[in-house]
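The values are calculated or read from the model by the stated rules, or taken from the named source; none is laboratory data. None of the values given here were measured: they were computed from a predicted structure. Cβ coordinates were reconstructed from backbone atoms using ideal geometry, including for glycine residues, and neighbour counts include every protein chain displayed. Heavy atoms of the whole protein, side chains included, go into the accessibility calculation; ligands, DNA and RNA do not. Shrake-Rupley method; radii C 1.70, N 1.55, O 1.52, S 1.80 Å.
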Amino acid sequence: MVSSPVERMLGQEVALWARRGGLLFRQARRAASLNQKALASVSGTSRTTLSAYEHGRKSPTLETAGRILDAAGFRLVLEAKVECAAHARGDGRAFHVPSRLRRLPVAVALGVLRLGERVYDLADRDERRAAYTALLCGGGPGEVLGHVDGVLLIDLWDELVLPDEIRGAWQPLVEEARQESGVMN
C-alpha cells in the first residue's frame, strides 16, 4: 500500500512523540530509582510493555502514561508552549520576547547565571535587575526562557532601565501577567 506524503509525515511525527515519551518514562523511572520490573509492577503493566514504551516501539494511552508516571512519583500535566519572537532594535541587534511569561523552578529563578563574561547571582535583587536588563536587551531565546521568571520580572519591571523599543515589546506580557495575578502598577 502506498501512503501519501501527509500520512508519511504524520507517521514520522507519531514516531517522534513515541521516542520523546519513551525518554520521559526512562527519566521518571531512573529519577525514582526503579528498574523496569519494579515500575511495571507498581503501575499495573508488564516489563516488556514498559520496555516497548521506553524504546518508542509502542505508545501508551494517556491514562496508561499517567498511571506509569504517577507510579514513578510524577504527574502528567498540560503546559502552555512558550516560544520567542526575534525583534530587531534600531541599531540592528536582535532581542527576543516570549509569547508568555512563565514561572521557573526556584533553584533556577534564584540561581547563578553566566551571561558572556559576567556571572549574576539571581538571588540578589540588584544582580537580578542587572541580569534581567541584559537578558531583555540581548539574551537569546534559550537564555530568556531559561532565566527570566515572570513573577520576578513583574516585581522588577518598574526598576528596569530599558530602551523604549524593548520596554514596548515586553510591556503587553507584563501587563497581562499583572492582570492575571491581580497585581496593579
*asked:* Out of the residues in the range 172-185 meeting the condition of being exposed (fewer than 13 other Cβ atoms within 10 Å of the Cβ) and in a helix (DSSP H, G or I), tell me which one is farthest from the chain's Cα centre (by Cα).
replied: GLN179
*Quick one: in the range 80-104, of everything that is modelled with pLDDT of 90 or more and among the charged types (D, E, K, R), which residue is least open to solvent (accessible area, probe 1.4 Å)?*
ARG89
*List pairs: first in the range 132-153 and in contact (Cβ under 8 Å) with a residue 24 or more places away in the chain and within 14 Å of ARG89 (Cβ to Cβ), second among the charged types (D, E, K, R) and surrounded by fewer than 21 Cβ atoms within 10 Å (Cβ to Cβ), Cβ under 7 Å, 6+ apart or cross-chain?*
GLY138/ARG93
_Is it the case, given these coordinates, that VAL148 is β-branched (Val, Ile, Thr) and either within 30 Å of THR45 (Cα to Cα) or more than 14 Å from the chain's Cα centre (by Cα) (or both)?_
no
*Out of the residues in the range 29-54 that are farther than 29 Å from ARG103 by Cα and either of a type in the set (Phe, Trp, Tyr) or assigned to a loop (DSSP other than H, G, I, E, B) (or both), state the one that is modelled with the lowest pLDDT.*
TYR53
*Among the residues of the range 134-152, is any among the acidic types (Asp, Glu), farther than 16 Å from ALA85 by Cα and open to solvent by 70 Å² or more (accessible area, probe 1.4 Å)?*
no
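Look at ARG128 and say whether it is among the charged types (D, E, K, R) and either assigned to a helix (DSSP H, G or I) or over 19 Å from the mean Cα position of the chain (by Cα) (or both).
Details: among the charged types (D, E, K, R): yes; either assigned to a helix (DSSP H, G or I) or over 19 Å from the mean Cα position of the chain (by Cα) (or both): yes.
Yes.
Go over the candidates ARG57, ARG19, ARG26 one by one and state the one that is part of a helix (DSSP H, G or I), at pLDDT 85 or above, surrounded by 11 or more Cβ atoms within 10 Å (Cβ to Cβ) and of a type in the set (Lys, Arg). Can you show your working first?
Details: ARG57 fails: part of a helix (DSSP H, G or I); ARG19 fails: at pLDDT 85 or above.
It is ARG26.
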_Residue satisfying all of: in the range 80-99; touching a residue at least 40 places away in the same chain (Cβ under 8 Å), in contact with an Asp or Glu (Cβ under 8 Å, 6 or more places away or on another chain) and in a loop (DSSP other than H, G, I, E, B); nearest to LEU136 (Cα to Cα) among these_ = ARG89
*How about the range 154-171: which of its residues are open to solvent by 60 Å² or more (accessible area, probe 1.4 Å), without any contact (Cβ under 8 Å) to a residue 12 or more places away in the chain and within 24 Å of LEU113 (Cα to Cα)?*
ASP155
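Can you confirm whether VAL77 is open to solvent by 60 Å² or more (accessible area, probe 1.4 Å), out of contact with any Lys or Arg (no Cβ under 9 Å at 6 or more places or on another chain), of a type in the set (Val, Ile, Thr) and in a helix (DSSP H, G or I)? Lay out the reasoning, then the answer.
Details: open to solvent by 60 Å² or more (accessible area, probe 1.4 Å): yes; out of contact with any Lys or Arg (no Cβ under 9 Å at 6 or more places or on another chain): yes; of a type in the set (Val, Ile, Thr): yes; in a helix (DSSP H, G or I): no.
No.
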*Identify all residues within the range 105-132 that are open to solvent by less than 20 Å² (accessible area, probe 1.4 Å) and either at pLDDT below 95 or over 22 Å from ARG178 (Cβ atoms) (or both); write none if there are none.*
GLY111, LEU113, TYR120
